[in-house]
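Undergrad: The structure under discussion is supplied below as structure tokens; questions concerning it will follow.
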Amino acid sequence: MSSSDMSTRTRILRAAETLFAQASYARVSMRAIASASGVHLGALPYHFGTKEALYRAIWEEWQGELDARALLKEARLQPKASREEELTSLVEAFFAGPRNLLRDPRGRYFVSIMVREAQDPTSGERTLLADFIYPNGNLIRQALADLFHDLPADALDASFDMMIAALRIVIERGSKSGTLPAPEQTEPLFDLLTDFVVQGWMAVCRRCESEDCQQSAG
């Protein structure tokens, strides 16, 4: 779709998406967004009110890609023969959002926006992570806790933290260097990442079947 075919609101959103992917929230001005979208400065408050409302609208547009309820529902459609298979489906659901975003040219901008927001010390003022990211992570974590109900809480927490860290390493390093995984690299990369995380969880599970882990759990 050419810029002339887009509505003014959409043109503003697309331009803002690109700019926020390239610089922090504080460094992107309404004037820069208006210039990049080819609209009069007054069009931005008319359509969005404030810069923060415009920024939030970008997150709302991508919310569906991060919806853990839908991802979990899809993951549970197929019957699983073992706990490892069920674990694999949950890990795939956890990675599905960023995996899908990295395959989409615009989605890649939003990945960079999420990384910048996570690293921004003022992000708490906007509550975007609390509103859009943390609830989804908590749903996946609860599903994993239900699956590994016999794991001690500290082992469960460590395993979930490992899964988050693995994802952040892949995305944040690529975002900082400007070399996010190419779309054609996304599938094999996330296949490897999924296998790494699943094997990590299963290793913790095997360890916690040992006497040492049972003692530490007590």
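Undergrad: When you scan the stretch 91-118, how many residues do you find that are under 16 Å from residue 139 (Cβ atoms), touching a Leu at 6+ places or on another chain (Cβ under 6 Å) and among the aliphatic types (A, V, I, L, M)?
TA: So the answer is 2.
Undergrad: Related question: For the subset of the stretch 26-59 comprising residues that are of a type in the set (Ser, Thr, Tyr) and farther than 20 Å from residue 101 by Cα, which member is surrounded by the most Cβ atoms within 10 Å (Cβ to Cβ)?
TA: Of everything passing the filter in the stretch 26-59, 37 is surrounded by the most Cβ atoms within 10 Å (Cβ to Cβ).
Undergrad: A further question follows. Among what's in the stretch 103-158 and is assigned to a helix (DSSP H, G or I) and of a type in the set (Val, Ile, Thr), pick the residue that is surrounded by the most Cβ atoms within 10 Å (Cβ to Cβ).
TA: Ranking the qualifying residues of the stretch 103-158, first place goes to 113.
Undergrad: How many residues, within the stretch 59-81, are polar (S, T, N, Q) and either in contact with a Phe, Trp or Tyr (Cβ under 9 Å, 6 or more places away or on another chain) or at pLDDT 90 or above (or both)?
TA: The first filter runs over the stretch 59-81 and keeps only residues polar (S, T, N, Q), leaving 63, 78.
Going one step further and asking which of them are either in contact with a Phe, Trp or Tyr (Cβ under 9 Å, 6 or more places away or on another chain) or at pLDDT 90 or above (or both), we end up with 63.
Of the residues in the stretch 59-81, 1 are polar (S, T, N, Q) and either in contact with a Phe, Trp or Tyr (Cβ under 9 Å, 6 or more places away or on another chain) or at pLDDT 90 or above (or both).
Undergrad: OK, next. For the stretch 1-71, list the helices (runs of 4 or more DSSP H) that sit wholly inside it and hold at least 1 residues that are in contact with a helix residue (DSSP H, G or I) (Cβ under 7 Å, 6 or more places away or on another chain) and touching a residue at least 40 places away in the same chain (Cβ under 8 Å); which are they?
TA: The helices (runs of 4 or more DSSP H) meeting that bar are 8-22, 51-61.
Undergrad: Given the condition hydrophobic (A, V, I, L, M, F, W, C), outside the structural domain of residue 127 (by TED's automatic domain parsing) and either assigned to a loop (DSSP other than H, G, I, E, B) or surrounded by 18 or more Cβ atoms within 10 Å (Cβ to Cβ) (or both), answer yes or no: does some residue in the stretch 91-102 qualify? Before the answer, list the steps.
TA: Start the filter on the stretch 91-102 by keeping residues that are hydrophobic (A, V, I, L, M, F, W, C), which leaves 91, 93-96, 101-102.
If we keep only those that are outside the structural domain of residue 127 (by TED's automatic domain parsing) as well, we get none.
The answer is no, given that none of the residues of the stretch 91-102 is hydrophobic (A, V, I, L, M, F, W, C), outside the structural domain of residue 127 (by TED's automatic domain parsing) and either assigned to a loop (DSSP other than H, G, I, E, B) or surrounded by 18 or more Cβ atoms within 10 Å (Cβ to Cβ) (or both).
Undergrad: Ok, one more. Condition first: in contact (Cβ under 8 Å) with a residue 60 or more places away in the chain and either within 22 Å of residue 200 (Cβ to Cβ) or under 12 Å from the mean Cα position of the chain (by Cα) (or both). Now tell me which residues in the stretch 90-108 satisfy that.
TA: Correct list: 91, 92, 94, 95, 98, 99, 102, 108.
The values are calculated or read from the model by the stated rules, or taken from the named source; none is laboratory data. All values reported here derive from a predicted model rather than from experimental measurement. Note that each Cβ is placed from the backbone with ideal geometry, even for glycine, and that neighbours are counted across all protein chains shown.
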